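**Q** Below you will find the structure I want to go over with you.
Please treat every number below as a calculation from the coordinates, not as lab data. Since the structure is predicted, the reported quantities are computational estimates derived from the model, not experimental observations. In this analysis, Cβ positions are derived from the backbone assuming ideal geometry, glycine residues included, and neighbour counts consider all displayed protein chains.
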Amino acid sequence: MLSLTDKAVEVIREVCQGEYTGLRILVRKGCSGLTYSMGLEEQAAEDDEIIDIDDVKVFVDPGSALWLIGATMDYVADSTMGSGFVFDNPNAVPPPPPGCSCSSGTCG
């Protein structure tokens, strides 16, 4: 399942600040790779997998959990792309080659 760095745990704790129970992560696979969505939640869904580190909880639905096996989530501050959560995911699909169009079906 997903691992979190100490910095990611610290940021999630700060963001929740007692108002929310945890952070939800949703993973979708598209033609250009994996996309990650996140949101604050007051409670887990019945079928969620729950990552519980100290007082920080991360909720992951069963479909997303499959894409997060062996992945690590970190928080990067002040990078050239800005600050935010980043994923090191061995399940990530490389982006399509240049000139490839998902809508036209020219990529396999």
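**Q** Given Cβ point charges of +1 (Lys, Arg) and -1 (Asp, Glu) and nothing else, what value in debye, to the nearest 20, does the dipole of the chain about its Cα centre take? Display every interim value, and only then the final one.
**A** Details: 6 positive and 17 negative charges, 141 e Å.
Dipole magnitude for the chain comes out near 680 debye.
**Q** Also: Express the relative contact order of the stretch 3-88 as a whole percentage, based on alpha carbon pairs under 8 Å and six or more residues apart in sequence. Don't skip to the end; give the middle numbers.
**A** Values: 133 pairs, mean separation 26.0, N = 86.
Rounded, it is 30 percent for the stretch 3-88.
**Q** Under a 5 Å amide H to amide H cut-off, with H placed in plane at 1.01 Å, what residues pair with Leu34 once short-range neighbours are removed?
**A** Val93
**Q** Follow-up question, since we're still on this one. Give the distance, in whole Å, between the Cα centre of the stretch 55-84 and the Cα centre of the stretch 5-30.
**A** About 8 Å separates the Cα centre of the stretch 55-84 from the one of the stretch 5-30.
**Q** What longest range of the chain stays clear of loop-exposed GluC sites (Glu not before Pro) (DSSP non-H/G/I/E/B, at most 12 other C-beta within 10 angstrom)? Show your work: numbers first, answer last.
**A** Values: sites that count: Glu19, Glu42, Glu46.
It works out to 47-108.
**Q** Just to confirm the number: angle between the C-alpha axis of helix 6-16 and the first principal axis of the chain, 0 to 90 degrees, nearest 10?
**A** 70
**Q** For the stretch 3-88, what class follows from the C-alpha gyration tensor (a ≥ b ≥ c being the square roots of its eigenvalues): rounded when a/c is under 1.5, otherwise prolate if a/b is larger than b/c, else oblate? Could you put the intermediate results ahead of the total?
**A** Values: a/c = 1.72, a/b = 1.03, b/c = 1.67.
Oblate.
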